[in-house]
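The values are calculated or read from the model by the stated rules, or taken from the named source; none is laboratory data. On a predicted model such as this, the values are computed, not experimentally measured, just so you know. Cβ placement follows ideal geometry from the backbone for every residue including glycine, while neighbour counts extend to all protein chains displayed.
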Amino acid sequence: MDRPPGPPRIERLTAPQPSWLAMRRALWPEGGTDAELLREMERALADPGTCVQFMAFFGAQAVGFAEAAVRRDAVNGATLSPVAFLEGLYVVPGARRQGVARRLVQAVIDWAVGAGFAELASDALLENTASHAMHRALGFEEAERVVCFRRAVP
């Protein structure tokens, strides 16, 4: 991808966009049908006091998104409740390592601070070492590791 000069432009989303849906599909390939993902997006957009979505652009091209929400339940590793939580962060492969994730996370931090939060939490799967490295590079510190179990009961 040809990167225009300067940092990516970050915009807060106010309506579903095809590029946002495509990137959500890339981040969460097993997240449901497009119709289900669109319903999730519309529900989140309808609750701006609890959810926020940002998209990054180089020129007119969407290159990444971040979603965050207020979590009131117990969040592993968080010391406060409620807490701002980075729900999703995705940058298209051709735009990675160009400051896009950093700018998206800064937009989430600005939102969290403006909403009165003192902490931003996030998570990643244990095997997703690329995400671990990205979180550390963006100033997150690992708080704990956990393996969850389940069992069907008769």
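Across segment 126-136, which residue is nearest to Val75 (Cα to Cα) among those that are touching a residue at least 12 places away in the same chain (Cβ under 8 Å) and in a helix (DSSP H, G or I)?
Step one: filter segment 126-136 for residues touching a residue at least 12 places away in the same chain (Cβ under 8 Å), giving 126, 134-135.
Now narrow it down to the ones that are in a helix (DSSP H, G or I): 134-135.
On the way: Met134: 20, His135: 17 Å.
Only one residue tops the list, namely His135.
Looking at (1) surrounded by 15 or more Cβ atoms within 10 Å (Cβ to Cβ); (2) without any contact (Cβ under 8 Å) to a residue 24 or more places away in the chain; (3) of a type in the set (D, E, K, R), which is the one condition that is false for Asp123?
(2)
Within segment 19-39, is even one residue aromatic (Phe, Trp, Tyr), in contact with a helix residue (DSSP H, G or I) (Cβ under 8 Å, 6 or more places away or on another chain) and more than 24 Å from Arg136 (Cα to Cα)?
Scanning segment 19-39 turns up at least one residue that is aromatic (Phe, Trp, Tyr), in contact with a helix residue (DSSP H, G or I) (Cβ under 8 Å, 6 or more places away or on another chain) and more than 24 Å from Arg136 (Cα to Cα).
Only one residue in Phe85, Phe65, Phe57 is touching a helix residue (DSSP H, G or I) at 6+ places or on another chain (Cβ under 8 Å) and at pLDDT 95 or above, so which one is that?
Numbers: Phe85 fails: touching a helix residue (DSSP H, G or I) at 6+ places or on another chain (Cβ under 8 Å); Phe57 fails: touching a helix residue (DSSP H, G or I) at 6+ places or on another chain (Cβ under 8 Å).
The unique qualifying residue is Phe65.
Residue check: is Gly6 exposed (fewer than 13 other Cβ atoms within 10 Å of the Cβ), among the small types (Gly, Ala, Ser) and closer than 23 Å to Gly94 by Cβ? Break it down into steps so the answer makes sense when it comes.
On the way: exposed (fewer than 13 other Cβ atoms within 10 Å of the Cβ): yes; among the small types (Gly, Ala, Ser): yes; closer than 23 Å to Gly94 by Cβ: yes.
In short, yes.
One line per residue, one yes/no per condition, for (1) over 13 Å from the mean Cα position of the chain (by Cα); (2) buried (at least 17 other Cβ atoms within 10 Å of the Cβ); (3) within 24 Å of Gly49 (Cα to Cα):
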site	(1), (2), (3)
Phe65	no, yes, yes
Ala78	yes, yes, yes
Ser81	yes, no, yes
Ala84	no, yes, yes
Val108	no, yes, yes
Val113	yes, no, yes
His132	yes, no, no
Arg136	yes, no, no
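What strands (runs of 3 or more DSSP E), lying completely within segment 1-117, carry at least 1 residues that are touching a residue at least 12 places away in the same chain (Cβ under 8 Å) and farther than 27 Å from Val146 by Cβ? Steps first, answer last, please.
On the way: elements: 9-12, 51-58, 61-71, 83-91.
It comes to 9-12, 51-58, 61-71.
For Ala95, are the conditions met, namely being on the phi < 0 side of the Ramachandran plot and in contact with a Gly (Cβ under 7 Å, 6 or more places away or on another chain)? Write out each step before concluding.
On the way: on the phi < 0 side of the Ramachandran plot: yes; in contact with a Gly (Cβ under 7 Å, 6 or more places away or on another chain): yes.
Criteria met by Ala95.
Of all residues in segment 27-63, how many are surrounded by fewer than 16 Cβ atoms within 10 Å (Cβ to Cβ), under 19 Å from Val108 (Cβ atoms) and of a type in the set (S, T, N, Q)?
The total comes to 1.
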